[in-house]
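The structure under discussion appears below in the form of structure tokens.
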Amino acid sequence: MTGLIDSHCHLDRLDDVPAALDIARQSGLDGMITIGTRFSQADTQIGLTRFDTPDLRVWCAIGTHPDHVGEERLPSVEELVCKAEPSCVVAIGESGLDYFHSGDEAKPAQHESFRTHIAAARETGLPVVIHTRQADDDTIAILRDESGKGAFPFLIHCFASGPKLAEAALELGGYISFSGLLTFPKCEEIREVARIVPEDRLLVETDSPFLAPAPKRGRPNTPGYVAHTAARLAQEREVSPERIAEITTANVHRLFTRTRP
């Protein structure tokens, strides 16, 4: 399958980036977006775009993952906006809410960080990449509240919830990205959502090196494996893999405007 873009990977977490890029080329990828998880390491993400080439594009996002909010100084909106000035930075994040690893005491800091990233997205016009885990209701509430202050583009990455979150995100103009979870036997609810997301809001990703899709489960994930997730998405939506590549790549360029040729 050719023409795919991995909308969410972590090149900084891979053991051998050049080897991963070779696999991506062999898999027919057009490009990938490497996503930040700590604002203090934003320069590392920006530095990874040195691998950008005409035949395999590499862009990045900068921000702090909710799991790391307690370990990082919260950047100001102005700092996020300033760091996002280079054209290789195509998004803010990942940010959001994750209650799986934390108790109630962590929620206020996560909420503040999430809103700060959203404000930076609003100011720059860049999409905010949203991680949400076991926090659907609060994610929806913050998205609705912040949307009332002014529109901002956003993506729910690695979708792992049910129709309630999907419907709220779509209602607010958001996009939804599916990872290797789509191929896991126990994730039927995710497949149900994948069948109903409108064509123009649909993306695919690896979240590599995590969540390798079938038939690569048990191995470190790599951007080239996004082809397996895309193939399963095509199967669920009863279209050709080529059509999924066409749809999702067009959506990447529509959402991440700095990736446009």
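Among the residues making up region 139-148, those that are more than 19 Å from the chain's Cα centre (by Cα) and either of a type in the set (S, T, N, Q) or open to solvent by 40 Å² or more (accessible area, probe 1.4 Å) (or both) are Ala141, Arg144, Asp145, Ser147, Gly148. A Cβ distance below 9 Å, combined with a sequence gap of six or more or placement on separate chains, defines the contacts here; from region 79-94, residues that are more than 20 Å from Asp67 (Cα to Cα) reach residues that are of a type in the set (Lys, Arg) in the pairs Ser87/Arg258; Cys88/Arg258; Val89/Lys83; Val89/Arg258; Val90/Arg258.
For region 110-126, the set of residues classified as part of a helix (DSSP H, G or I) and open to solvent by 10 Å² or more (accessible area, probe 1.4 Å) consists of His111, Glu112, Arg115, Thr116, Ala119, Arg122, Glu123, Thr124, listed by residue number.
Residues considered: Val193, Val129. Of these, the only one that is surrounded by 19 or more Cβ atoms within 10 Å (Cβ to Cβ), part of a helix (DSSP H, G or I), at pLDDT 95 or above and not polar (S, T, N, Q) is Val193.
With respect to the stated conditions, Val17 fails to be aliphatic (A, V, I, L, M), under 28 Å from Pro108 (Cα atoms) and open to solvent by 10 Å² or more (accessible area, probe 1.4 Å). Sub-6 Å Cβ pairs linking a first residue in region 1-19 that is within 18 Å of Gly47 (Cβ to Cβ) to a second residue that is open to solvent by 50 Å² or more (accessible area, probe 1.4 Å), at least 6 apart or interchain, are Asp12/Thr44, ordered by first then second residue. Of all the numbered requirements in (1) over 17 Å from the mean Cα position of the chain (by Cα); (2) surrounded by fewer than 21 Cβ atoms within 10 Å (Cβ to Cβ); (3) in contact (Cβ under 8 Å) with a residue 12 or more places away in the chain, Thr183 misses one, and that requirement is (2).
Identify, please: which residue in region 154-167 is hydrophobic (A, V, I, L, M, F, W, C) and open to solvent by 10 Å² or more (accessible area, probe 1.4 Å) and is, among those, farthest from the chain's Cα centre (by Cα)? Across region 154-167, the extreme among qualifying residues is Ala160.
Taking the criterion of being touching a helix residue (DSSP H, G or I) at 6+ places or on another chain (Cβ under 9 Å), over 24 Å from Thr257 (Cα atoms) and either surrounded by fewer than 14 Cβ atoms within 10 Å (Cβ to Cβ) or not aliphatic (A, V, I, L, M) (or both), the residues of region 196-219 that qualify are Ile196, Pro209, Phe210, Pro213, Pro215, Lys216, Arg217, Arg219.
When restricted to residues that are within 18 Å of Glu72 (Cα to Cα) and among the hydroxyl-bearing types (Ser, Thr, Tyr), region 1-50 contains 3.
Remark: pairs (first residue in region 236-261, on the phi > 0 side of the Ramachandran plot; second residue surrounded by 14 or more Cβ atoms within 10 Å (Cβ to Cβ); Cβ separation under 8 Å; 6+ apart in sequence or on different chains) are absent. All conditions in (1) open to solvent by less than 60 Å² (accessible area, probe 1.4 Å); (2) more than 17 Å from the chain's Cα centre (by Cα); (3) modelled with pLDDT of 95 or more; (4) under 30 Å from Glu189 (Cα atoms) hold for Ala151, with the sole exception of (1).
Conditions (1) within 17 Å of the chain's Cα centre (by Cα); (2) over 14 Å from Gly93 (Cβ atoms); (3) modelled with pLDDT under 95; (4) part of a strand (DSSP E or B), marked per residue:
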residue: Thr44; (1), (2), (3), (4): no, yes, no, no
residue: Gly47; (1), (2), (3), (4): no, yes, no, no
residue: Val58; (1), (2), (3), (4): yes, yes, no, yes
residue: Asp67; (1), (2), (3), (4): yes, no, no, no
residue: Pro75; (1), (2), (3), (4): no, no, no, no
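The values are calculated or read from the model by the stated rules, or taken from the named source; none is laboratory data. Note that the structure is predicted; figures quoted are calculated from it, not measured. Positions of Cβ are backbone-derived with ideal geometry, glycine not excepted, and every protein chain shown enters the neighbour counts. Side chains included, ligands, DNA and RNA excluded: accessible areas come from the protein's heavy atoms. Shrake-Rupley method; radii C 1.70, N 1.55, O 1.52, S 1.80 Å.
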